[in-house]
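See structure below.
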Amino acid sequence: MNAFLANLFRRVTTGVYVIGVGYGELRNAFTAAFVMQVSYDPLLLALGINPRHSSFGLLKQGGVFSVNVLKRDQLGLAAHFGGRASAAKLAHIAWTPGRTGVPLLPQCLAWFECEMAGEHPAGDHVLVLGKVIAGELVDAGAEALIYSDTGAMDGAVDLFPDDFGN
Ligand SMILES: Cc1cc2nc3c(=O)[nH]c(=O)nc-3n(C[C@H](O)[C@H](O)[C@H](O)COP(=O)(O)O)c2cc1C
C-alpha cells in the first residue's frame, strides 16, 4: 500500500478508456488508463495491460482490440468495466461489433479499432502495440474523462511498491 505513489502517479495525465477484446464468439472489455499514441506512420496506439486480466487471453487469441474514449460523465462505465472480471460485463451495455468483431461503445466520445502489432514485457504489465485500422469521433463536443478524476477507483494504492525512495 502506497498512497503517496498513487497520488503522485495520478498526475501522469491520461484519459480513461474501455478496451474491447474478442475471439470467436467471446467478447470482453475492461477499463484502462495506460493508453497513448506512439506513432503517426504507421498509426500506433500503445496499451499497458496486466496479463492476469481475463481480457489478456482474448487479446492474444484474437489479435485485435478497441479503444473506447470515455466522456467526463461516464465514471459509472469506468467503474463497471474496471470491476471484477465476469462474462456478463457487456450484457446490459449498448455495443456494436467493429469490422474485426471487437466491441465498440457508441455512447463514448470516440473509438479506435486496432490490430495487435507487437508486445513487450513491461514489469507486471505487458505493453501492447495496436495498429489503428478504423476510428470515429462520435461526440466532438464532449470532454474526456481524465484518469485523476477516477480517484481510488482502480485500487492502485494497493499496487504500488512500499519501498519507494528507500
Ligand atoms: C480507472 C481505471 C484504470 C485502469 N487502468 C488499467 C490499465 O491501464 N491496464 C490494466 O491492465 N488494467 C487497468 N485497470 C484495471 C482493469 O480495468 C480491471 O482489473 C478489470 O477488472 C480487468 O477486467 P478483465 O479481467 O475482465 O479483463 C484500470 C481500472 C480502472 C478503474
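State yes or no: is R99 among the charged types (D, E, K, R), modelled with pLDDT of 95 or more and touching a helix residue (DSSP H, G or I) at 6+ places or on another chain (Cβ under 9 Å)?
no
Inspect all residues belonging to region 36-46 and state whether any of them is within 12 Å of the ligand (Cβ to nearest atom) and hydroxyl-bearing (S, T, Y).
no
Residue-by-condition table, conditions (1) touching a helix residue (DSSP H, G or I) at 6+ places or on another chain (Cβ under 6 Å); (2) under 29 Å from F160 (Cα atoms); (3) modelled with pLDDT of 95 or more:
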| site | (1), (2), (3) |
| --- | --- |
| D73 | no, yes, yes |
| A78 | yes, yes, yes |
| P103 | no, no, yes |
| E113 | no, no, yes |
| A117 | no, yes, yes |
| H120 | no, yes, yes |
| L127 | no, yes, yes |
| G130 | no, yes, yes |
| V138 | no, no, yes |
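I need a count of the residues in region 49-68 that are within 14 Å of the chain's Cα centre (by Cα), more than 15 Å from Y23 (Cβ to Cβ) and open to solvent by 20 Å² or more (accessible area, probe 1.4 Å).
Matching residues across region 49-68 total 2.
Enumerate the pairs (first residue in region 69-88 and closer than 23 Å to Q37 by Cα and within 6 Å of the ligand (Cβ to nearest atom); second residue anywhere and of a type in the set (V, I, T) and assigned to a helix (DSSP H, G or I)) with beta-carbon separation below 9 Å, excluding pairs fewer than 6 apart on the same chain, so at least 6 apart or on different chains.
A78/T150; G82/T150
Of the conditions (1) out of contact with any strand residue (DSSP E or B) (no Cβ under 8 Å at 6 or more places or on another chain); (2) more than 10 Å from the ligand (Cβ to nearest atom), R99 clears all except one; give me its number.
Of everything listed in (1) out of contact with any strand residue (DSSP E or B) (no Cβ under 8 Å at 6 or more places or on another chain); (2) more than 10 Å from the ligand (Cβ to nearest atom), R99 misses just condition (1).
Looking at (1) within 29 Å of R11 (Cβ to Cβ); (2) touching a residue at least 40 places away in the same chain (Cβ under 8 Å), which is the only condition D163 fails?
Every listed condition holds for D163 apart from (2).
The conditions are (1) over 13 Å from the mean Cα position of the chain (by Cα); (2) open to solvent by 50 Å² or more (accessible area, probe 1.4 Å); (3) within 17 Å of V35 (Cα to Cα); (4) more than 12 Å from the ligand (Cβ to nearest atom), and F112 fails exactly one of them. Which is it?
(1)
Scanning region 25-43 for residues that are open to solvent by 30 Å² or more (accessible area, probe 1.4 Å) and touching a residue at least 24 places away in the same chain (Cβ under 8 Å), which turns out nearest to V67 (Cα to Cα)?
Here the residue is T31.
Any idea which of (1) open to solvent by less than 50 Å² (accessible area, probe 1.4 Å); (2) of a type in the set (D, E); (3) without any contact (Cβ under 8 Å) to a residue 12 or more places away in the chain is the one E119 doesn't satisfy?
Failing condition for E119: (1).
The values are calculated or read from the model by the stated rules, or taken from the named source; none is laboratory data. Note that the coordinates shown come from a computational prediction; the quantities given were computed from them, not determined experimentally. So basically every Cβ, Gly included, is an ideal-geometry build from the backbone, and we count neighbours across all protein chains shown. Remember, those area values only see protein heavy atoms, side chains included, never the ligands or the DNA or RNA. Shrake-Rupley method; radii C 1.70, N 1.55, O 1.52, S 1.80 Å.
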